[in-house]
Amino acid sequence: MLAAFYTRTGPARDVLATGDQPYPHPAAGEVLVRVRASGINPADVKRRAGWRGMMMEHPLVVPHTDGAGEIVEVGEGVARSRISERVWLYNAQGGYGTAGRAFGTAAELVAIPAGQAVRLDDALSFEAGACLGVPAMTAHRAIFSDGPVEEQTILVNGAAGAVGHFAVQLAVAGGARVIGTVGNAAAAAHASTAGAFATIDRKAEDVVARVLELTGGTGVDRIVEVDFGANHKSDIAMLKLNGTIASYSSSSDPEPVLPYYAFANKGANLRFIQGFCIPAEARRSGETMLAELAAAGRLSVAIAGAYALADIASAHEHVERGSIGNVVVTI
């Protein structure tokens with residue numbers, strides 16, 4: 001089968017290659033999926049680049065944890081009725097801190113545990129399905145990890161990002177009012193279309209002052225945080241008493257030092273979100289909600305770029321540059 005792979009970490013154009021790899025077969029409890037689209041997340045790019053000293057955990061790695069396609073074969077113990085089912089995939093490689101699997105979704109075929117192949121609603125394309133594993137499920141966990149959010153006010157930092165865009169939609173679907181921070185007018189429009197009732201240009205406005213103005217001085221119930229290290233001081237200033245900061249990244253400062261009593265005096269709750277290790281019950285809840293919203297035409301998946309597998313280096317570079325929307329490789 002044709003696959004993209006790398007045998008050492010480094011810049012995309014230096015280490016990524018495409019070529020023939022052995023045809024996989026599903027083991028017991030697995031399904032074999034004909035991959036139609038492979039989603040690229042920042043985590044995939046960082047792993048390939050060797051971010052913060054990440055080392056090769058296998059001699060050869062086929063990248064990407066997310067994807068979508070059709071089941072073409074099943075292993076022992078898996079119902080044959082699943083053959084031909086359209087599915088979206090998650091955790092094909094595994095999370096940070098573990099060796100995980102060597103073979104991700106940037107290939108014509110991938111064998112994966114059956115539970116990690118989730119039925120893809122007919123309303124969504126394969127390209128859209130390839131963006132659900134990390135971005136949408138991380139967003140769902142960030143919004144609902146502490147229960148219902150009906151009538152809450154939620155701030156989504158980075159509301160036009162891959163996770164943020166889903167977070168806005170899911171929070172609104174859950175009955176919350178959403179404020180989003182953005183970096184430009186195009187991002188503001190993107191977040192507003194997703195359902196944010198207000199957006200704040202973090203480059204041109206005082207975010208704390210604006211949030212307090214929008215909430216009558218009370219602050220927000222919950223903050224979905226894209227960069228805890230950069231924003232935690234402003235976050236605590238606009239958080240309600242006993243509110244929650246649900247952070248899924250801290251790329252600018254992986255080892256932040258926080259003002260303890262600023263958090264303690266508000267009874268603040270810190271929740272760290274790791275999309276690779278969402279509890280099973282929470283994952284099932286997220287899968288169900290995404291399917292319901294998709295079937296109702298209420299789930300928007302933004303695709304910023306779709307690249308051929310042979311041009312995977314350009315796709316990785318696109319993710320590194322940043323853009324509004326997700327980046328996928330079509331196969």
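For every residue, the table says whether it meets (1) touching a Lys or Arg at 6+ places or on another chain (Cβ under 9 Å); (2) assigned by TED's automatic domain parsing to the domain that holds Ala114; (3) aliphatic (A, V, I, L, M); (4) surrounded by 13 or more Cβ atoms within 10 Å (Cβ to Cβ).
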| residue | (1), (2), (3), (4) |
| --- | --- |
| Ala246 | yes, no, yes, yes |
| Ser249 | no, no, no, yes |
| Pro254 | yes, no, no, no |
| Val257 | no, no, yes, no |
| Ala262 | yes, no, yes, yes |
| Lys266 | yes, no, no, yes |
| Glu281 | no, no, no, no |
| Glu287 | yes, no, no, yes |
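Looking for something surrounded by fewer than 16 Cβ atoms within 10 Å (Cβ to Cβ), at pLDDT below 95 and not small (Gly, Ala, Ser) - is there at least one such residue anywhere in the range 289-302?
Among the residues of the range 289-302, not one is surrounded by fewer than 16 Cβ atoms within 10 Å (Cβ to Cβ), at pLDDT below 95 and not small (Gly, Ala, Ser), which makes the answer no.
List the number of the failed condition for Gln116; all other conditions in (1) farther than 23 Å from Glu320 by Cβ; (2) over 16 Å from the mean Cα position of the chain (by Cα) hold.
Looking at each condition in turn, Gln116 falls short on (2).
Which of the strands (runs of 3 or more DSSP E) contained wholly in the range 241-331 include at least 1 residues that are of a type in the set (A, V, I, L, M) and touching a His at 6+ places or on another chain (Cβ under 6 Å)?
326-330
For the range 93-123, which residues satisfy the criterion of being surrounded by 15 or more Cβ atoms within 10 Å (Cβ to Cβ), in a loop (DSSP other than H, G, I, E, B), hydrophobic (A, V, I, L, M, F, W, C) and in contact with a helix residue (DSSP H, G or I) (Cβ under 6 Å, 6 or more places away or on another chain)?
Leu120 - this is the single residue of the range 93-123 that is surrounded by 15 or more Cβ atoms within 10 Å (Cβ to Cβ), in a loop (DSSP other than H, G, I, E, B), hydrophobic (A, V, I, L, M, F, W, C) and in contact with a helix residue (DSSP H, G or I) (Cβ under 6 Å, 6 or more places away or on another chain).
Residue check, Ala159 against (1) touching a strand residue (DSSP E or B) at 6+ places or on another chain (Cβ under 9 Å); (2) surrounded by fewer than 18 Cβ atoms within 10 Å (Cβ to Cβ); (3) free of Cβ contacts under 8 Å to residues at least 60 places away in the same chain; (4) part of a loop (DSSP other than H, G, I, E, B), all met but one. Which one?
Going through the list (1) touching a strand residue (DSSP E or B) at 6+ places or on another chain (Cβ under 9 Å); (2) surrounded by fewer than 18 Cβ atoms within 10 Å (Cβ to Cβ); (3) free of Cβ contacts under 8 Å to residues at least 60 places away in the same chain; (4) part of a loop (DSSP other than H, G, I, E, B), Ala159 breaks only (2).
Just wondering, is there one or more residues in the range 57-70 that are among the hydroxyl-bearing types (Ser, Thr, Tyr), in the same structural domain as Tyr307 (by TED's automatic domain parsing) and surrounded by 16 or more Cβ atoms within 10 Å (Cβ to Cβ)?
Looking through the range 57-70, at least one residue is among the hydroxyl-bearing types (Ser, Thr, Tyr), in the same structural domain as Tyr307 (by TED's automatic domain parsing) and surrounded by 16 or more Cβ atoms within 10 Å (Cβ to Cβ).
The values are calculated or read from the model by the stated rules, or taken from the named source; none is laboratory data. Here the structure is a predicted model, which means the values were calculated and not measured. All Cβ positions, glycine included, derive from the backbone under ideal geometry; neighbour counts span all protein chains shown.
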